[in-house]
1. Springs between alpha-carbon atoms under 10 Å, Gaussian network over the chain: tell me which of Ile62, Ile323, Ile171 tops the mean-square fluctuations.
2. Can you list the HN-Hα couplings for the stretch 177-192, worked out from phi with the Karplus curve (6.51, -1.76, 1.60; θ = phi - 60°), rounded to whole Hz and with x for Gly and Pro?
3. Go through 42-49, 338-345, 150-157, 215-222 and give me the packing order, highest mean Cβ count within 10 Å leading.
4. Any aspartates and glutamates with Cα under 20 Å of the Lys388 Cα? List them, leaving off those in the same chain fewer than 8 positions away.
5. For the stretch 130-184, what ratio Rg/Rh do Cα atoms give with a Kirkwood hydrodynamic radius?
6. Would you work out if the stretch 1-144 is rounded, prolate or oblate? Take a ≥ b ≥ c from the square roots of the eigenvalues of the alpha-carbon gyration tensor; rounded if a/c is under 1.5, else prolate when a/b is larger than b/c, oblate otherwise.
7. In what sequence, highest mean first, do 421-430, 387-396 appear when ranked by Cβ atoms within 10 angstrom?
8. Rounded, prolate or oblate for the stretch 188-250? Axes are the square roots of the Cα gyration tensor eigenvalues, ordered a ≥ b ≥ c, and the cut-off for rounded is a/c under 1.5.
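The values are calculated or read from the model by the stated rules, or taken from the named source; none is laboratory data. Model, not experiment: these values are computed from the prediction. Virtual Cβ from ideal backbone geometry, glycine too; neighbours counted across all protein chains shown. Protein only, heavy atoms only, side chains kept; ligands, DNA and RNA dropped before computing areas. Shrake-Rupley method; radii C 1.70, N 1.55, O 1.52, S 1.80 Å.
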Amino acid sequence: MSIELVTLALFGGMLLMMALGTRVFFAMGAISVIVVLIISGTSGLLLVALTTFNQITNTSLITIPLFVLMGNLMVHSGIADRLFTGLNHWLSGIRGSLAIVSLGVCVGLAMAGGFGPGLLTMGIIAVPAMLKRGYSKDFALGSVMAGGILGDVIPPSLMLIILGSITRQSIGRLFFGALIPGFICAAIYALYILIRAYLQPEIAPRSKEKVTWAMRWSGLKEIVIPALIVVAVLGSIFFGIATPAESASVGALGALIAVFIYKRFSRKVLFDSTKETIRITGMALMILVAATLFSNVYASAGAQNLIVGLVSGMEINRWFILIGMQIILLILGMFMDDFAIITIASPIFLPIAVSLGWDPIWFSIVFILNMQIAYMTPPFGWCLILMKGIAPEGVTTGEIWHSVPPWIGMQLIVLALVMVIPSLALWMPGIMIGGAGT
């Protein structure tokens, strides 16, 4: 069976099954098994068994449940609520303060548990609070969604773990490669909030609540413990003290200790946190196993050599190819889940980028920044779907969609900056101590 037919069978079959409503992991896994049987017969099932066994016994993937558990403990125990209150006391009186506080909490939760906790918590807490105080719907919804999806980039990002596992790259280097772009994105958001709130005061009225210095100093204790957990996790990776898997266990233990310190431990907190962790981890591992099998089948048929050979032989400036890949990812992001895009596109795009002389860590960060944009692009933006599910009564899908263009524009600016200035993504991985850890 020629590589051209293998390509048609794998991608055509997968897209057809997905169009019929089949789940991503089943579509990828089923078509991979069918193609293996056609190419190698029953002896090819050994590849299926080995791929599955290697993935589910990969110790580096323990980072997924541990980081997710860390974030869930902070959300279900109410630590995130206290963090919101503590920050709000310090920024009270600044126009647009609630949006800034929401952004700050989202950054904190992103560094404690990746995508999900920030958006869900602030969607439930901050959006109603802003609407109650007269904030415009566009401003309130957009600021929370933009802040929430920073967890897609700022480590420990689940997307970075998945991408690193599929492309066989150091998860630690990916974490620190994404750190500066993630913070730049957050800084641009904050600047936009302040400027727009100043120019259009009617969309973000100043808070009339009286906050004393005693309340501010008291609120500091709500910030210190989550900050210490984040420093322990990322610091242990940066200085080579621990691998990402080991630091994830430190983070999960730290979050559990914090729950006891705040006296918020209960059977319900433990049950809800572990239940959500198992659900997210199960979903991620099913997709990862199916994606790895899909990639291995395609690679064993000689696909990467064919693709790299075709691209290398084209007399086109490599920047045009890079921009073309970004456009493809942006379009896919409008109609497909980010997990599906990463599992399908990264094994193909990364070898092309490396063959053109691009650094794999840098390209991976560019790839993830693109996926961040995909979370907010209609009609399938996962962030938009989540917000609709948790938004206060009266918020329509149209209003949610209408709120995203300015934030997508800022994300595109950060994407362009990292493309033009690769050192933004490569400086921190380059100075890591023992940074080759997975």
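1. Maximum among the listed residues: Ile323.
2. Each residue of the stretch 177-192 in turn: x, 8, 5, 5, x, x, 6, 4, 4, 5, 5, 5, 4, 4, 5, 4 Hz.
3. Most protected by this proxy first, the peptides run 150-157, 338-345, 215-222, 42-49.
4. Asp138, Asp152, Glu276, Asp337, Asp338, Glu399
5. Expressed as Rg/Rh, it is 1.20.
6. prolate
7. Descending mean neighbour count gives 421-430, 387-396.
8. Oblate.
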